[in-house]
Amino acid sequence: MRRLRIAVTADEAIAMSKEFYSKLLLESVYQPLVSFEQLSKANPSVLGVFFRYSLWLMVLPPAFALIGAANFGWRLGAPDPLLISADALLLVSIGYFLALIFGLFSTALISRWMASTYGANTSLGRHMALITVVGQPLAVASVVHLFPDVFVNVLVLIPTMIWSMYLLYKGIPIALETPPERGMLMASSLVGWLLVAAVSLLGMSMSLWTLGIGPLLGV
């Protein structure tokens, strides 16, 4: 009887994971809170989340940026757009993609590390899926990179970033099964980590460019 219960429990867990995988990509766009509820009942694998969903979402921003910059150039406020070579654009897009991968894995690991402090679930796959759902609006909104004008991109991405932060604050208590007050503190800590990481990445990029490491932008 005990073995039967264990087998049934394992089958249920597998079924829930498959159901989560099948609905994550689409349902998390228009019903993210439902996705968080499903995530709280599933135990997705890290590789499953990454290769089935996260990877394809992270391809979108660099691809859109590459296509937009190649066709229209970067519009940074000057009268004429900044046009650079195809090799430089490809290098920038690859760097963009690698930065997104680093951001996903580092944020998931930091989130898991914080989980024990805030009494949250410590499944790395669940943390990876949570960060994927939270970041999905930004990945979808990156379609605005097809017209790489600074003003237009800021106009679209800032509200989208606010929406993603809302999802982070709402999703942690649900998906990671922690009290709302602890979830709020954990989400605030993650926002702090993301801000520090973004500023550090900007500083490192500028330092490398100053040293001559990176594409020549012609400015």
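The values are calculated or read from the model by the stated rules, or taken from the named source; none is laboratory data. The structure displayed is predicted, hence computed values, not measured ones. Neighbour counts are summed over all protein chains in view; Cβ atoms, including those assigned to glycine, are modelled from backbone coordinates with ideal geometry.
Observations, loosely collected:
- Region 167-191, residues that are part of a helix (DSSP H, G or I), touching a residue at least 60 places away in the same chain (Cβ under 8 Å) and more than 13 Å from residue 36 (Cβ to Cβ): 182, 185, 186, 189, 190
- Selected residue [among the aliphatic types (A, V, I, L, M) and either modelled with pLDDT of 95 or more or in a helix (DSSP H, G or I) (or both)] from 155, 217: 155
- Checked against (1) buried (at least 18 other Cβ atoms within 10 Å of the Cβ); (2) among the hydrophobic types (A, V, I, L, M, F, W, C); (3) more than 12 Å from the chain's Cα centre (by Cα), residue 131 passes all but condition (3).
- Residues of region 138-166 that turn out to be polar (S, T, N, Q), touching a residue at least 24 places away in the same chain (Cβ under 8 Å) and under 21 Å from residue 73 (Cα atoms), as a count: 1
- One residue from 100, 138 being surrounded by 20 or more Cβ atoms within 10 Å (Cβ to Cβ), closer than 16 Å to residue 57 by Cβ and in contact with a helix residue (DSSP H, G or I) (Cβ under 6 Å, 6 or more places away or on another chain): 100
- For region 116-128, the candidate set comprises residues that are assigned to a helix (DSSP H, G or I) and touching a helix residue (DSSP H, G or I) at 6+ places or on another chain (Cβ under 7 Å); within that set, the residue that is surrounded by the fewest Cβ atoms within 10 Å (Cβ to Cβ) is 124.
- Restricting the first member to region 77-100 and to residues that are under 11 Å from residue 66 (Cα atoms) and among the hydroxyl-bearing types (Ser, Thr, Tyr), and the second to residues that are modelled with pLDDT of 90 or more and not in a strand (DSSP E or B), the beta-carbon pairs closer than 7 Å and six or more apart or on different chains are 93/62; 93/65; 93/66; 96/61; 96/62; 96/65.
- The single residue among 87, 80 that is acidic (Asp, Glu) and assigned to a helix (DSSP H, G or I) turns out to be 87.
- Only listed residue being modelled with pLDDT under 95, under 16 Å from the mean Cα position of the chain (by Cα), assigned to a helix (DSSP H, G or I) and buried (at least 20 other Cβ atoms within 10 Å of the Cβ), chosen from 111, 54: 54
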